[in-house]
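First comes the structure, then the notes that go with it.
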Amino acid sequence: MTTRGQEFLAQFGDSLSMLRGRVTPDAEMEKVTWFRAGGRADALFQPADEADLSAFLKIVPRSVPITVVGIGSNLLVRDGGIRGFVVRLSAKGFGTARAISETRIEAGAATPDKHVSGVAYDAGIGGFHYFHGIPGGIGGAVRMNAGANGTETAERLIEVRALDRDGEVRTLSNAEMGYSYRHSSAPSDLIFVSALLEGYTEEQKTIRASMDAVREHRESVQPVREKTGGSTFKNPEGTSAWKEIDKAGCRGLMIGAAQMSPMHCNFMINTGSASAHDLELLGETVRARVLENSGIKLEWEIKRLGEFRQHAQVQEFLGQLI
Ligand SMILES: Cc1cc2nc3c(=O)[nH]c(=O)nc-3n(C[C@H](O)[C@H](O)[C@H](O)COP(=O)(O)OP(=O)(O)OC[C@H]3O[C@@H](n4cnc5c(N)ncnc54)[C@H](O)[C@@H]3O)c2cc1C
């Protein structure tokens, strides 16, 4: 029997055979996301390097959807899976970082943030200790304006190199990234391949102390060893998401095996084999209860991708009139 993924790939004939990266039909996205939940992508493409990614983008017509993912630490993939291709940059082709001056670092988009904070430490570059506690990669940090400990990526980015949907190189300055809190308004079809970042000179012992403080603080207040997606909702103006969730009585709330962490109630966790449906239903239940309790409309920080399973849609705010 032909699978959905094989059928999807058949439309490309042998045109994909020239690619050096790996093409996987029916890719299990639960293996990619930190939540360890979600359906299959029609196909996953892991380019070998930038030239390979560019060739892929030129082959695949615009009518075929392409979704890019990073390390998967901020993603909820729905149980019905993702139509079209998912692109995930390989560590081999995109996962290195190096200091190129006393204050600047060049990092491939698949480099883990934590590794970049180590490179900065080795070179005596301050301002990257916050990366020590964020489990994603540079592509995700650039897209999400990842931040912690009073610093965000928008303060460190000089420019980013990207490929557009036609496989052409584009370089975007910090201003062109259109940054706001956990958001960039850069075109959504861009695939970031590397970033030029800038910190400041700092003594290594000061950097080490900041990195240790970040790690210790996280381990004491966040469920970092759980299957989670980090902060579920953005902090609303003038308050914290966790305070509103707590006030609405949702700390520890469970649906199936999905739970609002008793340790940090803005972290949603998969305590066992929660489905993406359980997790999203829990999130929308929390949004509905917070709305009812304090009139605040929490906004998802976690990116939700893909399709619901048939007859298992989850309505925003559970369909409440808002
Ligand atoms: C325990 C835990 C703690 C966390 N703490 C923090 C925190 O303190 N601060 C914070 O900001 N976040 C935090 N997060 C969330 C997450 O780590 C960040 O948002 C991170 O930047 C996401 O990177 P990623 O590589 O995992 O991206 P993914 O989750 O894979 O993707 C996130 C988004 O980025 C896009 N993207 C990824 N790579 C690329 C690319 N190469 N080109 C274009 N778009 C791309 C995806 O399309 C998606 O929209 C935490 C998560 C966990 C699990």
Share antiparallel - DSSP beta bridges, region 62-167, percent rounded to 5: 60 percent
Label point distance in nm, Gln313-Ala175, each placed 7 Å from Cα along Cα→Cβ: 4.3 nm
Proxy reagent accessibility, fewest Cβ within 10 Å first, across Trp242, Trp300: Trp300, Trp242
Amide proton proximity set for Thr67, modelled H, under 5 Å, gap of 5+: Phe85, Val86, Val87
Cα-centred dipole magnitude for region 40-103, charges only on beta-carbon of K, R (+1) and D, E (-1), debye, nearest 20: 220 debye
Derived scalar couplings ³J(HN,Hα) [region 194-203; Karplus, 6.51 cos²θ - 1.76 cosθ + 1.60; whole Hz; x for Gly, Pro]: 7, 9, 9, 10, 9, x, 8, 6, 8, 5
Residue order, fewest to most surrounding Cβ atoms within 10 angstrom, among Met260, Met1, Met18: Met1, Met18, Met260
Segment Lys31-Glu299, length gained on full extension (0.36 nm per residue, minus Cα span): 93.9 nm
Net charge of neighbours whose Cβ lies under 15 Å from the Cβ of Met29, counting Lys and Arg as +1 and Asp and Glu as -1: +4
Listed pairs Lys247/Lys303; Lys58/Lys234; Lys205/Lys303; Lys114/Lys205 exceeding 29 Å between Cα atoms: Lys58/Lys234; Lys205/Lys303
Gained length - Thr271 relative to Glu7, 0.36 nm times residue gap less alpha-carbon distance: 91.6 nm
Low-density loop cleavage sites - GluC sites (Glu not before Pro) in region 222-283, where at most 12 other Cβ are within 10 Å (DSSP): Glu237
Sorted by Cβ neighbour density within 10 Å, fewest at the top, the residues Ser117, Ser54: Ser54, Ser117
Loop-resident sites, region 42-132, for trypsin sites (Lys or Arg not before Pro), counting at most 11 other Cβ within 10 Å (DSSP): Arg62
Assigned charges on the beta-carbon of Lys, Arg, Asp, Glu; region 168-322 dipole about Cα centre (debye): 380 debye
Relative contact order computed over the chain (Cα-Cα under 8 Å; 6+ residues apart), in percent: 17 percent
Distance cut-off 33 Å, percentage of C-alpha pairs in the chain lying past it: 28 percent
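Values quoted throughout were computed directly from the atomic coordinates according to the rules given, and no laboratory measurement underlies them. The structure presented is a predicted model; accordingly, all values stated were derived computationally and were not measured. All Cβ positions, glycine included, derive from the backbone under ideal geometry; neighbour counts span all protein chains shown.
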